[in-house]
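Chemist: Next up is a structure, given as structure tokens.
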Amino acid sequence: MVSGKRLFEVQWTKLLGILLVALALRLALDPDYPIPREKMREMERKAALESPMSRPSLLAPEPLSPQGDVRRLDLRFHWQWAGPSVDWTIVVFDDNLERIVEMYVGPLLEASLDEHSAEKVPVGTALHWQVEGLWKGHLLRSMPTPFRVLPSER
């Protein structure tokens, strides 16, 4: 026979177990726990607005020209950017993607190399260029775009 004290302990633990299972079921089936849906949507919207990657136009500038063969006299860099004003730097790479020219151009979306930078660009070899800028601490870069400078005809 089970003593009264022992019987009370068994009933108390069963009751606690049943209450915990009921609480677990309630929490699992309640879609608004621990944060109401409206609050969750508001938090998601706020996070999306603060993230630069949530805006497709802010992912990277798009290089437009030069591409392919270009004469030295026609060497002009042009890119597209739909985001806020950013100070840009044009970077020209050799065929091993090592930087040979970096030129700051400010918030412009089109620029030519200055005389000093243009002298460093070799003629007739495979080159690449990209544009880089900094926006709210995020480095923005276009994809390296291949081009080749042809000798100028006299």
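Every number in this text was worked out from the coordinates using simple rules, so none of it is lab data. Fair warning: this is a prediction, and the values are worked out from it, not measured in the lab. Positions of Cβ are backbone-derived with ideal geometry, glycine not excepted, and every protein chain shown enters the neighbour counts.
Chemist: Starting from the Cα-Cα distance between Ala24 and Met143, subtract it from 0.36 nm times their residue separation and give me the gain in nm to one decimal.
Modeler: Full-extension gain reported as 37.7 nm.
Chemist: While we're here: Got a sec? How would Ile90, Ile18 order by Cβ neighbour count within 10 Å, fewest to most? Could you put the intermediate results ahead of the total?
Modeler: Working: Ile90 22, Ile18 10.
Arranged by neighbour count, lowest to highest, Ile90, Ile18 become Ile18, Ile90.
Chemist: Order these by the 10 Å Cβ neighbour count, fewest first: Val105, Val149.
Modeler: Val105, Val149
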